[in-house]
Amino acid sequence: MGLFLGLGIAGIVLLVASLALDGVLEGMFGGALDGLFDGWLSLPVVAGFVSMLGFSGAIVLGATAMGAGAATAVGVLAGFGAAWLTWKLSRSLMDDRGAAPREDDLVGSAGSVVTAIPADGYGEVLLRLAGQPVKFAARSAEPVQRGTEVWVEAALSAGSVRVRPVDR
């Protein structure tokens, strides 16, 4: 039973190390394992397998009259189950389905002038990007005073836009 408990504790220590070092241990092989087995050899998956093997083997060995062979078999099955769940959970957490907002998403949005925009230079506007207020440098074909509501005509760069005053 001591061997199984040791494996369970070693798996937990390995999991804590993988969380604390965050990919450093996987990178020790110089990326040789990247893409191999589609993430099955990641440290959290191996840690889940080892800890479940150890703890479930110890439970079977201590709670039943079965021997070490049966406890190992149950531990391996439980370990594969834990490894599969860890793999699925880590893939779902790393899956990037939500697209980050782009510059073109600003076109057509409304905002207000924070710093007056001269006819031949830049001012500042406050726009909402993904629900958050963000200041952008702004140009306009005509001078625009502070506090004026504006619409974005074009995204000039990642941090600047071309605006026009809203006619009301």
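Each value in this text was obtained by applying a stated rule to the coordinates, not by laboratory testing. Since the model is a prediction, treat every value here as computed from it, not as a measurement. With ideal geometry, Cβ positions are generated from the backbone for all residues, glycine too; neighbour counts draw on all protein chains shown.
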**Fill in**
Relative to the chain, whose Cα atoms define the longest principal axis, helix 43-63 and its Cα axis are tilted in degrees, nearest 10, by 40 degrees
**Request:** Starting from segment 53-136, pick out the trypsin sites (Lys or Arg not before Pro) whose DSSP state is loop and whose Cβ has at most 12 other Cβ atoms within 10 Å.
**Result:** Arg97, Arg102
**Asked** Which of the peptides 73-79, 119-125 is most tightly packed, and how do the rest follow, judged by the mean count of other Cβ atoms within 10 Å per residue?
**Response** 73-79, 119-125
**Asked** Can you give the calculated 222 nm mean residue ellipticity of the chain, where each DSSP H run of n ≥ 4 adds -39,500 (n - 2.57) and the sum is split over every residue, rounded to the nearest 500 deg cm²/dmol?
**Response** -14000 deg cm²/dmol
**Request:** Quote to one decimal, in nm, the extra length available between Ala116 and Ser90 on full extension: 0.36 nm per residue of separation minus the C-alpha distance between them.
**Result:** 4.6 nm
**Message:** Can you match semi-axes √(5λ) of the Cα gyration tensor in Å to one of these, (i) 61, 15, 13; (ii) 31, 16, 14; (iii) 24, 20, 15, based on a calculation from the structure here?
**Reply:** (i)
**Prompt:** Which whole number of Å³ per residue matches the convex hull of the alpha-carbon atoms in segment 42-88?
**Reply:** 47 Å³
**Asked** Once the Cα atoms of helix 2-21 and of the chain are each reduced to a long axis, what angle between those two axes, in degrees from 0 to 90 to the nearest 10, is obtained?
**Response** 10 degrees
**Asked** Hey, what angle do you get for helix 68-94 against the long axis of the chain, alpha-carbon based, 0 to 90 degrees rounded to 10?
**Response** 0 degrees
**Message:** Taking 8 Å as the Cα distance limit and 6 or more residues as the minimum spacing, I'd like the relative contact order of the chain as a percentage.
**Reply:** 16 percent
